[in-house]
Amino acid sequence: MATSQPSAQTIQLNNIQLYYEAYNMEQKRPVFVLLHGFLSSTFSYRRLIPLLANDFSIIAIDLPPFGKSEKSTRFRYTYQNLARLVIDLLHHFQIQTCTLVGHSMGGQICLYIARMQPQLVREMILLSSSGYLGRVKWSLSLSTYIPCFHLYVKRYLYKQGVETNLRQVVHDYSLVDDEMKKGYEEPFYDPQMFKALTRFIRHREGDLPTSELRQIDTRTLLLWGENDRIVPMEIGKRLHNDLANSIFLSFPNTGHLLQEEKPEDVYRQIAHFIR
C-alpha cells in the first residue's frame, strides 16, 4: 500500500532553497516528477498524487519562487535555470530516468529538461502546457527595474483576487471552495514573493520555438481541457504537431486545471499511456 504522507524537504541547489515532496522513494518504482504552473505549487496536484502513489514513486517540486520554495531576490528565474534545478535534484537522488508531468508553465519546464538532457526523461505527460509564448516586451522588462514595481504586481494580483483567478482556470465553479482558495493563496503571504515575482517577469526567456520542439523525440502524452481559457486547445494541437512522438487527448467540460477537475480521468489516461 502506498503511503499518503509525503517526505517534505528543502534542499540548497544553485544558491536557492528548493522545496519538494517525495512519495514512496524507498520503493523501487518508476519515478514521476510533478511540476506545477505559474502562480501555483505542488498543491495543484493534491487530487492526482494519491492516485499516482498507488503505482509510482513521486517527487513533487515547488518551482521557485512559488509554493514553499525560496523567494530569492538573487536567483535568475529563467526557464533554463528552473529546468537545471530539477535536473540537479534528480541527480541528487541518483535517478537515471523518470517520467515528467508538467501543468501549464510546468509543461514548458518539462520540454526544456527533455531538450537539455533527453536521456533523463523516459516520457512526458503535459497537462495544458504553455507553448509558443515569447519573451516579455522590453518595455515591461524595463519597468521591473523601477524600485516599487513589485508593489504594482502585488496590487494587480490582489485586485483580481484568488477566487476570480481560480474561476478562470476551472470549468466547474463549484470546485472553488475555501480549502482550494486557501491552498492557492497561502504562498503569497510571504512579503518577498512579489519582489521575486518581479524578477521572474524580467528573466523569463520565453517558450521553446518550433525548431527546438521538433528536435524533441521523447514519448509525450498531451492532455487538455476543451474549455481551457488560459491555454486554448489549439496550443495543444500545435504542440502535438511539433512533437513528433506525441499523443493528444482532450476532456470535455474541463478547464485549464484539469488535474483538479478530472483527476481520475487524467490518471486513467496516464496509466494507459505508461503501460
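Here, each number is a calculation from the coordinates, and none is a lab measurement. Treat the numbers as computed from the prediction; the structure is a model and nothing was measured. Counting neighbours? That spans all protein chains shown, and the Cβs are built from the backbone with ideal geometry, glycine included.
Structure notes:
- Relative contact order (%) - criterion: Cα under 8 Å, at least six apart; region: the chain: 20 percent
- Per-peptide average of other Cβ atoms within 10 Å, ordering 103-113, 19-29 highest first: 103-113, 19-29
- Derived scalar couplings ³J(HN,Hα) [the stretch 87-97; Karplus, 6.51 cos²θ - 1.76 cosθ + 1.60; whole Hz; x for Gly, Pro]: 4, 5, 5, 5, 5, 4, 7, 6, 8, 7, 7
- Shape of the stretch 124-275, Cα gyration tensor, a/c cut at 1.5: oblate
- Value at 222 nm in deg cm²/dmol, rounded to 500, when DSSP H runs of n ≥ 4 in the chain each add -39,500 (n - 2.57): -10500 deg cm²/dmol
- GluC sites (Glu not before Pro) lying in DSSP loop within the stretch 211-270, provided at most 15 other Cβ fall within 10 Å: GLU226
- Among the lysines of the stretch 152-275, pairs at least eight places apart or on separate chains and with Cα atoms under 26 Å apart come to 11.
- Overall form of the stretch 36-105 per C-alpha gyration tensor (a/c, 1.5; a/b vs b/c): oblate
- Of interest is the spacing of the C-alpha centroids, which for the stretch 117-166 and the stretch 11-30 amounts to 24 Å.
- Cα gyration tensor, the stretch 152-232 - rounded (a/c under 1.5), prolate or oblate: oblate
- DSSP-defined antiparallel bridges as percent of all bridges, the chain, nearest 5: 30 percent
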